[in-house]
Amino acid sequence: MASFLDRLLRRDPTALPASVRVDRAMTLLDEGAVLVDVREPSEWRSGHAPRARHIPLGTLAREARRLPKDAPVVVMCASGMRSRGAAAQLRAAGYRATSLSGGLGAWRAAGGQVVTR
């Protein structure tokens, strides 16, 4: 059975939806996507997904080079508002990026792990 990502890329090898629900995001992550949290440092410290890379929105243009261009990128924030803009910014720079609809709140509600460090 083909993975979600395989099916998606078969339809259009350069595109991901502008946003995805948590279940689709988790599937993408299990299949090798990178999770990026664009919240501010104080928000990050209050709790984040363990697999997330922290790149605050204000530094994304400069720090995007840390992300692979050969893997999908799932962007998250607190509610999904900032991540939509961040994903659009990444797509404009040549990344295959999507926003996590509902942000960290939806992640937690779906049982996604959250750590504080």
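Things worth noting here:
- Each Cα pair under 8 Å and six or more residues apart adds its separation to the average, and for the stretch 17-117 the resulting relative contact order is 35 percent.
- Cα→Cβ-extended label distance, 7 Å offset, between residue 30 and residue 62, nm: 3.8
- Convex hull volume of the stretch 25-88 per residue (C-alpha atoms, cubic angstrom): 83
- Here is how the number arises for the chain: DSSP H runs of 4 or more residues each give -39500 (n - 2.57), the sum is divided by the residue count, and the result at 222 nm is -10500 deg cm²/dmol.
- DSSP bridge pairs, the chain: antiparallel proportion in percent, nearest 5: 10
- Backbone HN-Hα couplings from phi across the stretch 57-68 [Karplus 6.51/-1.76/1.60, Hz, Gly and Pro as x]: 3, x, 10, 4, 4, 7, 9, 4, 4, 6, 9, x
- Cα-Cα separations in the stretch 51-117 greater than 14 Å, expressed as whole percent: 57
- Across all directions, the average projected area of the convex hull around the alpha carbons of the chain is 6.7 nm².
Taken together, the values in this text are just the output of simple stated rules run on the coordinates, not laboratory data. Everything numeric in this text was worked out from a predicted model, so none of it was measured. Glycine also receives a Cβ, built like all others from the backbone with ideal geometry; neighbour counts cover every protein chain displayed.
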